[in-house]
């Protein structure tokens, strides 16, 4: 019996739930705040997010569908990433609701928009870490055969970082203390980072 399940994504995975996002995971959550040209705030979580460069720091998120967040970034040139922690999980989930552009997700989730220092987009006051970002590229993704997808990737340079000093003992950021949550692969799966998950391994000299 073949112990390897093989499939071609274009032909379907043949399983109860798509395993790809569960394999590449858990994934950081892109909780992205923006503002439109009229100054109206928008807040939405994205399952596809990560950091891609050290100096300067560059982060990126991907939106399946051309949503308000992408439009706002193209119109204003900036956005803010906000860390989602376990105490904020339920309110983050509320901001994932598909609502009209004029609906204030901050108000919907009981969150406080607070001005950023360097960009026009507000940040989430309740989040212990926020990255102020200036967009460097917005691009529509395509398949290997060149066919365009209704998926948009936004890359941004981190130009300002806000960190709650509670999580900086002796000047070293304590990842687990902030209790960040990560997106799993199931329709409702999330994971919380805890100190029990820590192990250390140094690179070879």
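Laboratory data are not the source of any read-out in this text; all were calculated from the coordinates shown. Because the structure is a prediction, the values reported are computed rather than measured. Note that we place each Cβ from the backbone using ideal geometry, even for glycine, and neighbour counts take in every protein chain shown.
From the C-alpha gyration tensor of the range 84-205, pull out the three semi-axes of the equivalent ellipsoid (sqrt of 5λ each), sorted largest to smallest, in whole Å. Mind dumping the intermediate values first?
Numbers: eigenvalues 144, 102, 70 Å².
Its equivalent ellipsoid spans semi-axes of 27, 23, 19 Å.
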Added length on full extension, which subtracts the Cα-Cα distance from 0.36 nm per residue, residue 20 to residue 97: 25.4 nm
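Once you order the gyration tensor axes a ≥ b ≥ c over the Cα atoms, which shape class does the chain get: rounded for a/c under 1.5, otherwise prolate or oblate by comparing a/b with b/c?
On the way: a/c = 1.56, a/b = 1.15, b/c = 1.36.
Since a/c reaches 1.5 but b/c is at least a/b, the shape of the chain is classed as oblate.
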Centroid-to-centroid separation of the range 18-40 and the range 185-205 [C-alpha atoms, Å]: 19 Å
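Among 159, 73, which comes first, then next, by fewest other beta-carbon atoms within 10 Å? Write out the running numbers ahead of the final one.
On the way: 159 16, 73 25.
With the fewest neighbours first, 159, 73 line up as 159, 73.
So what is the relative contact order for the chain, in percent, with contacts set as C-alpha pairs under 8 Å and at least six apart?
Values: 406 pairs, mean separation 46.8, N = 205.
Rounded, it is 23 percent for the chain.
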field: residue 150 paired with residue 125, simple spin-label distance in nm, labels 7 Å along Cα-to-beta-carbon
entry: 3.8 nm
- prompt: What FRET efficiency would be calculated for the residue pair residue 10, residue 67, taking the C-beta separation as r and a Förster radius of 30 Å, to the nearest 0.05?
  reply: 0.75
- line: By the Cα gyration tensor axes a ≥ b ≥ c (a/c under 1.5 gives rounded; else a/b larger than b/c gives prolate, otherwise oblate), the shape of the range 96-160 is oblate
query: R0 = 41 Å: FRET efficiency of residue 182 with residue 2, Cβ-based, nearest 0.05?
result: 0.80
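I'd like the antiparallel share, as a percent to the nearest 5, of DSSP beta bridges with both residues in the chain. Please report the intermediate quantities before stating the final value.
Values: 45 of 45 bridges.
Percent antiparallel among DSSP bridges in the chain is about 100.
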message: So the label point goes 7 Å from the Cα of residue 173 along Cα→C-beta, right? Which residues of the range 45-62 then have their backbone N under 19 Å from it?
response: 46-62
- prompt: If we count other beta carbons within 10 Å of each Cβ, what is the order of 86, 203, 183, 165, fewest first?
  reply: 203, 165, 86, 183
statement: Most exposed first, judged by fewest Cβ atoms within 10 angstrom, 58, 80, 24 run 24, 58, 80
statement: Row for the range 47-91, column shape: gyration tensor on C-alpha, a ≥ b ≥ c, rounded if a/c < 1.5 i.e. under 1.5, prolate if a/b over b/c, else oblate; value oblate
- request: Report the FRET efficiency, 1/(1 + (r/R0)^6), for residue 112 and residue 191, where r is their Cβ-Cβ distance and R0 is 25 Å, rounded to 0.05.
  value: 0.40
